[in-house]
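A short reminder: the numbers here are calculations on the coordinates, not readings from a lab. Keep in mind that what you see is a predicted model, and the values were worked out from it rather than measured. Cβ placement follows ideal geometry from the backbone for every residue including glycine, while neighbour counts extend to all protein chains displayed.
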Amino acid sequence: MITPLISIKAPIYDIFFSFQGEALYTGLPQIFIRFAGCNLKCNYCDTLYSTIISKKAKYLTCNKIVNKVISTYIKNKENFTEILTNTFTKNQASKKPSISITGGEPLLHADYLEVLLPKLKEKGFSIYLETNGTMFNNLTKIIKFCDIISIDFKFKSECKNNFWKEHKKFLKIALSNSKSETFIKNVITKNTNISEIKKSAKLIKGISDKIPLILQPSINKNSPAIQNLYKFYSIAKKIIPNVHIMIQMHKIYKVK
Ligand code: SF4
């Protein structure tokens, strides 16, 4: 018997209101949906619990999630009306209440997202996807629903392998939706090396040098030396124009 799509479930750890803590949209009020499970294991992962699907994950239908998102939105509505007048972003979709689809790696659940995301959009929300940029086939299933795509490039120095081919394919698919906005993050640790930054910037340049690259220093015992961070910045900047160093706000305030 074919299971009706409406009843499919995915493992979710949390649905909560907070402010985006990193990259170009730092400070944007959002409702976060944290999916369980990840296809990678990065040393610097700050949500390690979410990389496995444990008993704490709740299997929820899309309708359950939509209802929870709406009730979380209603509770925090005044924060979202603020963004309508104070937004500093270019993306028109970001003026709608934003939902961060995060994990773990949410694209592990692409079939589920294919059902969930149009439902959220119908209700007037915009979609902000946070991804490790490796599951390009799964991105094709949901790219049309994404308004903002935040892609991490993962490096061998902290994530066991490089994923240059996957990242390249992923980025091309992300850019195929001309209505969405895409940017790349490189998490920088004391183990990050120059060739990783160069390859990352060159990969971006080969596709479109307008794509912003955010160098995000890890805030833990693996933090990079500031002079290395500046060196990486100037190396990347010689290759592409749109490079930024940005830290994670939520780590400083120790919030979700
Ligand atoms: S890809 Fe993201 S969620 Fe997965 S292990 Fe790496 S940092 Fe953690």
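Table for the structure above
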{"read-out": "Cut-off under 5 Å, modelled amide H: who pairs with Lys185 long-range", "value": "Ile151, Asp152, Phe153, Ile214"}
{"read-out": "Rounded Å value of the spacing that divides the Cα centres of the range 98-122 and the range 127-189", "value": "14"}
{"read-out": "Kirkwood Rh (inverse of mean 1/r, distinct Cα pairs), the range 8-185, angstrom", "value": "16.4"}
{"read-out": "The range 2-51, relative contact order in percent, only Cα pairs under 8 angstrom and at least six apart counted", "value": "31"}
{"read-out": "Pairs of Cα atoms farther than 20 Å apart, the range 156-254, %", "value": "39"}
{"read-out": "Residues with amide H under 5 Å from that of Ile52, placed H, sequence gap 5 or more", "value": "Gly37"}
{"read-out": "Label point at Trp164 placed 7 Å out along Cα→Cβ; residues across the range 128-148 whose backbone nitrogen lies under 17 Å", "value": "134"}
{"read-out": "Contact order relative to length of the chain, as percent, for alpha carbon pairs under 8 angstrom and 6 or more apart", "value": "17"}
